[in-house]
Amino acid sequence: MAGGEREPPPLERAVPGALSGYLTAINEGDYDAAMSWVSEGIRADSSPDQWYADYATTYDDRLAVHRVKERAGVVRVWATFRSRQEPGYCPEGARDATCLVWPIDDELSRVGRRYVISDASGDASGHGDPPWTRCG
């Protein structure tokens, strides 16, 4: 590659690494680091203070990447993760819940040597209505 720039890691490592990096930063309450795992467009819609208000009691784990597809430089990912939090932090219809399993459909873009989340959806991703399920 020109200028000594190295290729990013293969997608099978890069995708779980990006999603895990994001969830780990949320778990640690490091919202600046979490924001580094998302695109400028996503960052423009929020702030670390808003993320703190939304995720202050959240702990995410059990990330599972089910499908990764790349076409024309766009990486699309279907994954699931478990989110545990205090009551009142969940979406409408589950305000009392303390544990939900979420399907996510993310789009990742390459920024330098790594991939970042450039678009994320859950509500309209075809995984059900509501998209989350309560932990068993």
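Computed from the coordinates by the stated procedures, all read-outs in this text should not be read as laboratory data. The model shown is predicted, which means the values in this text are computed figures rather than measured ones. Positions of Cβ are generated from backbone atoms using ideal geometry, with glycine treated the same way; all protein chains shown enter the neighbour counts.
Remarks
- Total charge dipole magnitude, the chain, about the Cα centre, Cβ charges on Lys, Arg, Asp, Glu only, Debye to nearest 20: 580
- Modelled spin-label separation between ALA94 and TYR59, with each label point placed 7 Å from Cα along the Cα-to-Cβ direction: 1.8 nm.
- Across the chain: Cys residues that no other cysteine approaches within a C-beta distance under 4.7 Å: CYS90
- Mean Cα-pair separation over length for segment 1-110, i.e. relative contact order, pairs under 8 Å, 6 or more apart, %: 20
- For GLU107, net neighbour charge (Lys/Arg +1, Asp/Glu -1) across residues whose Cβ lies under 9 Å away: -2
- For the pair SER36 and ARG71, the difference between a 0.36 nm per residue extended length and the Cα-Cα distance amounts to 10.2 nm.
- Each of VAL15, PRO87, ALA120 was placed along the dipole of the chain (beta-carbon charges, centred on the mean Cα), and the one lying farthest toward the positive end is VAL15.
- Protection proxy ranking, highest mean first, for peptides 99-109, 26-36: 99-109, 26-36, where packing is the per-residue count of other beta-carbon atoms within 10 Å, averaged.
- Highest-first arrangement of 87-94, 113-120, where packing means the average Cβ count within 10 Å: 113-120, 87-94
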